[in-house]
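Here is the structure we will look at, set down as structure tokens.
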Amino acid sequence: MKQTLAFTKMQGLGNDFVMLDAVRQPVDLSPERVRALADRHFGIGCDQLLVVEPSDTPGVDFRYRIFNADGGEVEQCGNGARCFARFVFEQGLTDKREIRVETAKGLITPRLEDDGTVTVDMGVPVLTPAEVPFISDSDAYVQPLDVAGRTVAITAVSMGNPHAVQVVADVDTAPVAETGPLIEHHPRFPARVNAGFLQVVDAHRVRLRVFERGAGETLACGTGACAAVVAGILRELVVSPVTVETRGGELTIAWDGVGTPVMMTGPAVTVFSGEITLP
């Protein structure tokens, strides 16, 4: 049966999303429909599809579901979380400037700032390999990973979704397209992984590219920026707060160390709204 959906296209640093309000309209998704919506030639086009649902949990405002462009559902999306907060406020789904949102990996707390940016409490990063998940017999923050016949040093971090962060001399020449897919599908990451390539500029500034699980390289990755700063601080390369320069723009990430939450601040922009009919 065909389905007509109202949608809003949004972006955070060029990481683009299709937002669906499943509070006020029925939304019936399948992997095929997600791929159709995400298709940049025949659909709307996006890196991820974000769905706003009501939450059944007391004290929680919404449930947040995330689908990659390949149709697979994932646990977390940082740039999407900022867009989520702006979307529900602009759509009149809430009048709160700070909301509590349920994700597949726990609660996040986005807040609309007076300057138009959005700050998100992204939660406490997970560093235990088995919980990332990452197959390792060591809890060291820097670990070797064999990729295409050479060994790279990575830091495995979960920000609700898994990340493998490596430090490179220059992100412009880093082999993101070549090794990103190999890291994403590496057998030591049983749930696949987002591959981060981190260049340290100085103690408070880094540059970052991320090959995202299920989406390929994107212009920006919010959870990737959080994971990269966590990795940089653990490796004593940077000091909080850190400006993360992506190809789509800049984020500010603050982290006070192990056991504390990561705070992410950056833009969220509405592009256009419309309706689309799906088969």
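The values are calculated or read from the model by the stated rules, or taken from the named source; none is laboratory data. Source: prediction; values computed, not measured. Because the Cβ atoms are built from the backbone with ideal geometry, glycine has one as well, and the counts that use them run over all protein chains shown. Just the protein is used for accessible areas: all its heavy atoms, side chains included, with ligands, DNA and RNA removed. Shrake-Rupley method; radii C 1.70, N 1.55, O 1.52, S 1.80 Å.
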### Message
Here's a check for you: in the range 45-68, which residue that is in contact (Cβ under 8 Å) with a residue 24 or more places away in the chain and open to solvent by 30 Å² or more (accessible area, probe 1.4 Å) is farthest from residue 4 (Cα to Cα)?
### Response
59
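Condition check ((1) under 17 Å from the mean Cα position of the chain (by Cα); (2) farther than 29 Å from residue 124 by Cβ; (3) of a type outside the set (A, V, I, L, M, F, W, C); (4) modelled with pLDDT of 95 or more) across all residues:
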{"site": "22", "(1), (2), (3), (4)": "no, no, no, yes"}
{"site": "51", "(1), (2), (3), (4)": "yes, no, no, yes"}
{"site": "67", "(1), (2), (3), (4)": "yes, no, no, yes"}
{"site": "71", "(1), (2), (3), (4)": "yes, yes, yes, yes"}
{"site": "76", "(1), (2), (3), (4)": "yes, no, yes, no"}
{"site": "79", "(1), (2), (3), (4)": "yes, no, yes, no"}
{"site": "89", "(1), (2), (3), (4)": "no, no, no, yes"}
{"site": "99", "(1), (2), (3), (4)": "no, no, no, yes"}
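Does the range 217-234 contain at least one residue that is part of a helix (DSSP H, G or I), at negative phi and surrounded by fewer than 24 Cβ atoms within 10 Å (Cβ to Cβ)?
The answer is yes, given that some residue of the range 217-234 is part of a helix (DSSP H, G or I), at negative phi and surrounded by fewer than 24 Cβ atoms within 10 Å (Cβ to Cβ).
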### Query
Quick one: how many residues across the range 112-147 are assigned to a strand (DSSP E or B) and closer than 18 Å to residue 166 by Cβ?
5
### Query
Somewhere in the range 210-228, is a residue farther than 17 Å from residue 70 by Cβ and without any contact (Cβ under 8 Å) to a residue 40 or more places away in the chain?
no
### Message
Can you pull out every residue in the range 125-140 that is crowded, with 16+ Cβ neighbours inside 10 Å and not polar (S, T, N, Q)?
### Response
125, 126, 127, 129, 132, 133, 134
### Query
For residue 237, are the conditions met, namely being open to solvent by 30 Å² or more (accessible area, probe 1.4 Å), part of a loop (DSSP other than H, G, I, E, B) and either touching a strand residue (DSSP E or B) at 6+ places or on another chain (Cβ under 6 Å) or closer than 20 Å to residue 75 by Cα (or both)?
yes
### Task
Would you confirm whether any residue within the range 169-183 is touching a Lys or Arg at 6+ places or on another chain (Cβ under 8 Å), part of a loop (DSSP other than H, G, I, E, B) and farther than 18 Å from residue 83 by Cβ?
yes
### Task
May I ask you to list the residues in the range 79-118 that are closer than 20 Å to residue 244 by Cβ and open to solvent by less than 10 Å² (accessible area, probe 1.4 Å)?
79, 80, 81, 82, 83, 84, 85, 108, 110, 118
### Yes/no for residue 195 being assigned to a loop (DSSP other than H, G, I, E, B), under 20 Å from residue 80 (Cβ atoms) and open to solvent by less than 10 Å² (accessible area, probe 1.4 Å)
no
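Quick one: how many residues across the range 21-61 are in contact with a Phe, Trp or Tyr (Cβ under 6 Å, 6 or more places away or on another chain) and aliphatic (A, V, I, L, M)?
Total meeting the criteria: 4.
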### Query
Which of the residues spanning the range 185-213 are touching a helix residue (DSSP H, G or I) at 6+ places or on another chain (Cβ under 7 Å) and over 15 Å from residue 227 (Cβ atoms)?
none
### Task
Filter the range 14-39 down to the residues that are crowded, with 21+ Cβ neighbours inside 10 Å and out of contact with any helix residue (DSSP H, G or I) (no Cβ under 6 Å at 6 or more places or on another chain), then identify the one that is nearest to residue 271 (Cα to Cα).
16
### Query
Listed residues 242, 200, 176; which is under 27 Å from residue 112 (Cβ atoms), touching a residue at least 24 places away in the same chain (Cβ under 8 Å) and either more than 13 Å from the chain's Cα centre (by Cα) or open to solvent by 70 Å² or more (accessible area, probe 1.4 Å) (or both)?
242
### Task
Working only within the range 158-168, note down all residues that are outside any loop (DSSP other than H, G, I, E, B), farther than 17 Å from residue 214 by Cβ and either open to solvent by 10 Å² or more (accessible area, probe 1.4 Å) or out of contact with any Leu (no Cβ under 6 Å at 6 or more places or on another chain) (or both).
166, 167
### Message
Pairs needed: first member in the range 268-279, closer than 22 Å to residue 78 by Cβ; second member anywhere, assigned to a strand (DSSP E or B) and charged (D, E, K, R); C-beta distance under 6 Å; at least 6 residues apart or different chains.
### Response
271/9
